[in-house]
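*Asks:* Sharing a structure below in structure tokens format, with a few things to ask.
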Amino acid sequence: MSSELNFEEQVEIAVQKIQKKRSSQKELDLLVLLIESKLRHSNLILKLGKHLSEHTKISSFWNFVEPIFFAAIDVGNLEEGNKILTILRNKFGETHRIRRLHGLLLESQQNWEGAKNIYHQIIKESGDICSASYLLVQKRLIVIEKAQGKYREAINLLNDLVERFRNDEAIWFELAELNLLVLDYSSAAKCFEELLLIIPENSQIYIKYAEVNLIILIIE
């Protein structure tokens, strides 16, 4: 076993030293570093965030509350997730964004119906079916259907989305993969055709499109 400390252990030591010195600004700087690294250090992010939320008055801390919330969900600390959600509600009120976070918390508890009720209410209130908020909520509904193995329902939702967001390659990719999963090769091929129009420089799409068409030829 190597005697060298890994990155997370080094950061843990740094956290302890900073907290002993009671330096909220340094804690915040380290929190920013961890979040911006895009690496998965949820335990450390949550530890720093929890300490800062209890001891700091730094206004810029509010810019990082959401990543701390996501870290709580990631490590399964739903109690802390609920606490952060309450802090956000007290600060900003019951906005659509905060209600989406509540939906995510319910998803982490596998409370699918509770999360769906929140998302459907947001859609009903927003009115704009081409907004970014609508897209985010619909994508969460798709995640819920997939988590329950309801792939046809997820496909129906994706078909609805591509009609409104025709240039969103991520939606087309997901729709193609789900169609392949349910063995609907013709629909998958149509998705790859759309992707070829959106991102013709992506060579992997040509390969996927050729593979799907080969399958169609074999089974016909």
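The values are calculated or read from the model by the stated rules, or taken from the named source; none is laboratory data. Everything quoted here is computed from the prediction, not taken from an experiment. In this analysis, Cβ positions are derived from the backbone assuming ideal geometry, glycine residues included, and neighbour counts consider all displayed protein chains. For accessibility, only protein heavy atoms count, side chains too; no ligands or nucleic acids. Shrake-Rupley method; radii C 1.70, N 1.55, O 1.52, S 1.80 Å.
*Asks:* Working carefully through the options Ile155, Ile122, Ile171, find the one that is in a helix (DSSP H, G or I), more than 16 Å from the chain's Cα centre (by Cα), among the β-branched types (Val, Ile, Thr) and under 23 Å from Leu196 (Cβ atoms).
*Replies:* The match here is Ile155.
*Asks:* Counting just the residues of region 121-131 that are open to solvent by less than 70 Å² (accessible area, probe 1.4 Å) and out of contact with any Phe, Trp or Tyr (no Cβ under 8 Å at 6 or more places or on another chain), which one comes out nearest to Glu174 (Cα to Cα)? Reasoning before the result, please.
*Replies:* Within region 121-131, the subset open to solvent by less than 70 Å² (accessible area, probe 1.4 Å) is 122-123, 126-127, 131.
Still in the list and also out of contact with any Phe, Trp or Tyr (no Cβ under 8 Å at 6 or more places or on another chain): 122, 127, 131.
Values: Ile122: 23, Gly127: 25, Ser131: 20 Å.
Looking at residues that are open to solvent by less than 70 Å² (accessible area, probe 1.4 Å) and out of contact with any Phe, Trp or Tyr (no Cβ under 8 Å at 6 or more places or on another chain), I get Ser131.
*Asks:* For region 147-196, give me each residue that is in contact (Cβ under 8 Å) with a residue 12 or more places away in the chain, farther than 16 Å from Lys208 by Cβ and among the acidic types (Asp, Glu).
*Replies:* Asp160, Asp168
*Asks:* So in region 87-119, with the set limited to residues that are within 20 Å of the chain's Cα centre (by Cα) and of a type in the set (S, T, N, Q), which one is nearest to Ala71 (Cα to Cα)?
*Replies:* Ser108
*Asks:* If we keep just the residues of region 57-70 that are within 17 Å of Ile98 (Cβ to Cβ), open to solvent by less than 60 Å² (accessible area, probe 1.4 Å) and hydrophobic (A, V, I, L, M, F, W, C), which is modelled with the highest pLDDT?
*Replies:* For region 57-70, the residue satisfying everything is Phe69.
*Asks:* Taking Arg140 as meeting all but one of (1) open to solvent by less than 50 Å² (accessible area, probe 1.4 Å); (2) within 20 Å of the chain's Cα centre (by Cα), write down the number of the exception.
*Replies:* Every condition holds for Arg140 apart from (1).
*Asks:* Spot the failing condition for Glu201; the list is (1) surrounded by fewer than 14 Cβ atoms within 10 Å (Cβ to Cβ); (2) closer than 30 Å to Arg99 by Cα; (3) of a type in the set (D, E, K, R), and only one is missed.
*Replies:* Single failed check for Glu201: (2).
*Asks:* Residues in region 44-56: is at least one touching a Ser or Thr at 6+ places or on another chain (Cβ under 8 Å), open to solvent by 40 Å² or more (accessible area, probe 1.4 Å) and modelled with pLDDT under 75?
*Replies:* yes
*Asks:* Moving on. Would you check if Tyr134 is farther than 25 Å from Ile216 by Cα, hydroxyl-bearing (Ser, Thr, Tyr) and without any contact (Cβ under 8 Å) to a residue 40 or more places away in the chain?
*Replies:* Considered against the rule, which asks whether it is farther than 25 Å from Ile216 by Cα, hydroxyl-bearing (Ser, Thr, Tyr) and without any contact (Cβ under 8 Å) to a residue 40 or more places away in the chain, Tyr134 comes out as yes.
*Asks:* Would a scan of region 88-108 turn up a residue that is open to solvent by less than 30 Å² (accessible area, probe 1.4 Å), among the charged types (D, E, K, R), part of a helix (DSSP H, G or I) and at pLDDT below 95? Before you say what the answer is, go through the steps one by one.
*Replies:* Looking only at region 88-108, we keep the residues that are open to solvent by less than 30 Å² (accessible area, probe 1.4 Å), and these are 88, 93, 98, 101, 103, 105-107.
Next cut, among the charged types (D, E, K, R) only: 107.
Now restrict to residues that are part of a helix (DSSP H, G or I): 107.
Subset that is at pLDDT below 95: none.
No, because not a single residue in region 88-108 is open to solvent by less than 30 Å² (accessible area, probe 1.4 Å), among the charged types (D, E, K, R), part of a helix (DSSP H, G or I) and at pLDDT below 95.
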